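To keep things clear, I will list the structure first and then write my remarks on it.
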Amino acid sequence: MPSKDRIAYFYDGDVGNVYFGPNHPMKPHRLCMTHHLVLSYDLHKKMEIYRPHKAYPVELAQFHSEDYVEFLHRITPDTQHLFANELVKYNLGEDCPVFENLFEFCQIYAGGTIDAARRLNNQLCDIAINWAGGLHHAKKCEGSGFCYINDIVLGILELLKYHARVLYIDIDVHHGDGVEEAFYFTDRVMTVSFHKYGDMFFPGTGDVKEIGEREGKYYAINVPLKDGIDDASFTRLFKTIIAKVVETYIPGVIVLQCGADSLAGDRLGCFNLSIDGHSECVRFVKKFNLPLLVTGGGGYTKENVARCWTVETGVLLDTELPNEIPDNEYIKYFGPDYSLKIQNGNIQENLNSKSYLGTIKMQVLESLRCLQHAPGVQMQEVPPDFYLPDFDEDEQNPEERVDQHTQDKQIQRDDEYYEGDNDNDHNMEDGL
């Protein structure tokens, strides 16, 4: 039975053409593989497919500092040796290398998430998918964990123009620290992250005790897990917590980050989730029938990333996919059995005891009880959608700066989402 939901899917082939470097685990090529798998299953015929706009520097500066955006715009592999101090300042280097077309890559994946949020805001779709997005580690003034621009924060800021409360859910194996930090002092966004914690695992944040501060107290939820968690334990915990979160917080829209590095066998991960377990979380969130923005995230065994996000595209379309992968441009990557579901078995021991998971669940539910039921938010008048100049990008000289008058027309008030010292610009260390 085809999906009754209107689904918008964002993709630009150029996003998969960038190369982080020979020994870097992040392979944007996985996005081309995902897209061709989606096409081979004819899923594109059931969705509206869009090429996202390339986010303008002034849009990226809605969250990121202007000097950081400007630096990303200017730096190239050929000139980076001239900017040793800036590379340290902005945390670019080994994890976040400077490569060819870096800024355009950021513009595409961020543009996809911003466009997805706008289509949801304007009720032009029920679900919006941007598998290229989900780069949840990037901070206001620096790159982190393979992430340069935090498209999720930008998408959420867009959603806050129309929604009093946004729920962010993260099932990447790594803690969604950049998103949590951005909204740590506000009750307008609740962040919920399920992730590996401990043993110096990156990024080192995400203890169950991190719950938000000031107006944001109890609005950050962290579910720290140990190595080897399996489908049964993960999905049981996920459903219990998310059901309670939605009941208590009553969000107007959900953003779901589907990092595939939580799958068994991931190059950088340490969980035992199958694609069925991972996609069960997506299925569960979809059942709330709230506007839903879905992004990718981590995932470093690229053929499994492509399998996972294709299955989850099917889940969002209420479409069961045959296990035999149809012929496509990347078919050779899926050998020798060419099947969609991978039989991993438990690769490593599950170190999450029943009592440990029970304790975590109890602490999270206790935190939720501290919330007043559905916090009242006074809605300000909704600001107009971003003013974007009408021009043909092909005719533009990328070296030309936007003139000051145009920039001024694009700037939104700094206090639009926060008041005074609740602005997360102040004292970012508090959020760590």
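The values are calculated or read from the model by the stated rules, or taken from the named source; none is laboratory data. The model shown is predicted, which means the values in this text are computed figures rather than measured ones. When we count neighbours, we look across all protein chains shown, and the Cβ atoms used for this are built from the backbone with ideal geometry, even at glycine. Ligands, DNA and RNA are stripped out before the accessible areas are found, and what is left, the full protein with its side chains, is counted by its heavy atoms. Shrake-Rupley method; radii C 1.70, N 1.55, O 1.52, S 1.80 Å.
Kindly indicate whether any position in region 5-25 is open to solvent by 10 Å² or more (accessible area, probe 1.4 Å), more than 28 Å from residue 268 (Cα to Cα) and not small (Gly, Ala, Ser).
Yes: one or more hits.
Take region 272-286 and flag every residue that is of a type in the set (D, E, K, R) and more than 24 Å from residue 160 (Cβ to Cβ).
Within region 272-286, 276, 280, 283 meet the criteria.
Could we say that residue 73 is in a helix (DSSP H, G or I), open to solvent by 10 Å² or more (accessible area, probe 1.4 Å) and in contact (Cβ under 8 Å) with a residue 12 or more places away in the chain here?
yes
For region 22-30, check the following and say yes or no: at least one residue is without any contact (Cβ under 8 Å) to a residue 12 or more places away in the chain and either in a loop (DSSP other than H, G, I, E, B) or closer than 16 Å to residue 151 by Cβ (or both).
yes
So that you can scan it fast, the table gives a plain yes or no per residue for (1) of a type in the set (D, E, K, R); (2) modelled with pLDDT under 95; (3) open to solvent by less than 20 Å² (accessible area, probe 1.4 Å); (4) more than 17 Å from residue 297 (Cβ to Cβ):
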{"position": "81", "(1), (2), (3), (4)": "no, no, no, yes"}
{"position": "87", "(1), (2), (3), (4)": "no, no, no, yes"}
{"position": "100", "(1), (2), (3), (4)": "yes, no, no, yes"}
{"position": "109", "(1), (2), (3), (4)": "no, no, yes, no"}
{"position": "136", "(1), (2), (3), (4)": "no, no, yes, no"}
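Given the condition open to solvent by 20 Å² or more (accessible area, probe 1.4 Å) and out of contact with any Cys (no Cβ under 9 Å at 6 or more places or on another chain), answer yes or no: does some residue in region 150-157 qualify?
No: region 150-157 contains no residue that is open to solvent by 20 Å² or more (accessible area, probe 1.4 Å) and out of contact with any Cys (no Cβ under 9 Å at 6 or more places or on another chain).
Being closer than 23 Å to residue 244 by Cβ and either assigned to a helix (DSSP H, G or I) or in contact (Cβ under 8 Å) with a residue 12 or more places away in the chain (or both) narrows it down to one of 167, 154, so name that one.
167
Every residue in region 218-242 that is open to solvent by 40 Å² or more (accessible area, probe 1.4 Å) and not in a loop (DSSP other than H, G, I, E, B), please.
231, 232, 236, 239, 240
Hey, among 181, 210, 215, which residue is farther than 27 Å from residue 274 by Cα, open to solvent by 40 Å² or more (accessible area, probe 1.4 Å) and of a type outside the set (Ser, Thr, Tyr)?
Unique residue meeting the criteria: 215.
Any residue at all in region 41-51 that's open to solvent by less than 10 Å² (accessible area, probe 1.4 Å) and either of a type in the set (A, V, I, L, M, F, W, C) or closer than 24 Å to residue 141 by Cβ (or both)?
yes
Going by the structure shown, is residue 252 buried (at least 22 other Cβ atoms within 10 Å of the Cβ) and not hydrophobic (A, V, I, L, M, F, W, C)?
no
Would you check which residues across region 280-310 are assigned to a helix (DSSP H, G or I) and surrounded by 21 or more Cβ atoms within 10 Å (Cβ to Cβ) and list them?
Across region 280-310, the qualifying residues are 281, 282, 285, 286, 302, 304, 305, 306, 307, 308, 309, 310.
Working only within region 170-193, note down all residues that are closer than 18 Å to residue 133 by Cα and assigned to a strand (DSSP E or B).
Hits for region 170-193 are 170, 191, 192, 193.
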